[in-house]
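Below is one structure, written out as structure tokens; comments come after it.
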Amino acid sequence: MNIEDYRLQIDDVDSELLRNIAKRLELAEGLGQFKRDNGIPIYHPEREEEVIADRIDQGSALGIPEEITRSIFRILIDKSREIQEKDEGNS
């Protein structure tokens, strides 16, 4: 494989990551609506910590350093909560 082959494969992986992030944010929006419809609080810190711990375990099994997994999922969870809270004001 040459440098261009590696770059093309990385580009493909990046595109897949972006599609999955978009899907996750879309699901978070739906979850926020479900929570509002059912009187469930948007913010659930225990659940957030459970998710992060689980993803760290999954990442570790794949050889991903904990700090990378923690950073990525903290950002995703924070942004997902922001989406849910933003929609909360529009219901």
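Here are a few things to note about the model shown:
- Ordering Leu62, Leu25, Leu76 from the fewest to the most neighbouring beta carbons within 10 Å gives Leu62, Leu25, Leu76.
- The chymotrypsin sites (Phe, Trp or Tyr not before Pro) found in region 1-87 that occupy coil by DSSP, while having at most 10 further C-beta atoms within 10 Å, are Tyr43.
- Annotation: average projected area of the chain is 7.2 square nanometres, based on the convex hull of Cα atoms across all directions.
- Counting 0.36 nm for each residue step from Ile75 to Val51 and taking away their Cα separation leaves a gain of 7.4 nm.
Values in this text are rule-based calculations from the coordinates and carry no lab data. Since the structure is predicted, the reported quantities are computational estimates derived from the model, not experimental observations. Please note: Cβ atoms are built from the backbone with ideal geometry, for glycine as well, and neighbour counts cover all protein chains shown.
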